[in-house]
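Scroll down for the structure; my scribbles are underneath it.
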Amino acid sequence: MEELKKQKLVDFIAKVMEDSGFKVYKDFRTSQHIVDIYGILPTALGDIGVVVACKNYDENWKVGMDVLKEMEMAAKTLKASKVVIVTTSDFSSQARNYAVKRNMKLIDRNCLIRIAEEFSKKIQAPEDEDEDEDEEYYDEEEVEVYNPPSNIFHTRPGRGVLSRKEKRAPVAPIIRGLMQNTIILILTVVAVSFIIATLLQIAAGLGTSLTGVLKLMIAAALSYGIPYLVEEDGAVVMIKGTIVFFSSLLLLVILILI
């Protein structure tokens, strides 16, 4: 019975991901792990991989660090860019802190309920009024167990670690995915800072020292500005922004000296 309930959870999350454009593989096996869901989102710049663990636990049970670390290893094996943990219960404080540092997505019971509610509304309001009445729907019992926002990767959970308290300008999914990669973000900050400062130097006739300072100022603004637009949690913005700024600062200093 417990396995059956978990399978319903896996099937539901897989359905939501498919509706969001993912190619979904359930019970995906690697050499050392079995991943509940392995999703691939095709984009013009390449595929984006996501590994998802579904934990159908009692409401009072808290998912711990062991699950997050296991999924992190599976993601490295599959070279996936995102780890998502879905549970019908909650997460320990250690797990939430770890997820913030590792940019993992945690979906707890409250968030899951909202996802199911929104997805249920969507499938119960077909665009074609004459649509076949035999089309597959989720019954009320299932919706009560699994409750949702329609896209689990851009939702705003009330208690989740990636909750967002203010509206921000929308960012295209492809750009968001690229800019969430720290290496790509560092290279982008360095390149944009170098190009803008160089153009201003040519246009305004700025001195070398002033141009160097300008590069650093632009890098600082981009290092925190871009994560602010693509990340959903303030702590992630500050941590990633600091890492990107000091990394780009080092690269810019090397370029200036050269």
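The values are calculated or read from the model by the stated rules, or taken from the named source; none is laboratory data. Bear in mind the structure is a predicted one, so any value in this text is a computation, not a measurement. Glycine gets a Cβ as well: all are built from the backbone with ideal geometry, and neighbour counts include every protein chain shown. Heavy atoms of the whole protein, side chains included, go into the accessibility calculation; ligands, DNA and RNA do not. Shrake-Rupley method; radii C 1.70, N 1.55, O 1.52, S 1.80 Å.
Considering Leu200, Leu210, Leu206, Leu185, the condition of being touching a residue at least 12 places away in the same chain (Cβ under 8 Å) and more than 18 Å from Ser81 (Cα to Cα) is satisfied by Leu200 alone.
I want to confirm something. Restricting to the stretch 243-258 and keeping residues that are at pLDDT below 85, open to solvent by less than 50 Å² (accessible area, probe 1.4 Å) and not aromatic (Phe, Trp, Tyr), which single residue is farthest from the chain's Cα centre (by Cα)? Going through the qualifying residues, I end up with Leu252.
If the condition is being more than 19 Å from Met104 (Cβ to Cβ) and surrounded by 16 or more Cβ atoms within 10 Å (Cβ to Cβ), then the stretch 26-52 contributes only Lys26.
When Lys62, Lys82, Lys76 are checked against the criterion of being of a type outside the set (Phe, Trp, Tyr), surrounded by fewer than 22 Cβ atoms within 10 Å (Cβ to Cβ), under 19 Å from the mean Cα position of the chain (by Cα) and farther than 24 Å from Asp19 by Cα, Lys76 stands alone in meeting it.
Among residues of the stretch 177-191 being in contact with a Leu (Cβ under 6 Å, 6 or more places away or on another chain) and open to solvent by less than 50 Å² (accessible area, probe 1.4 Å), the one that is nearest to Lys101 (Cα to Cα) is Met179.
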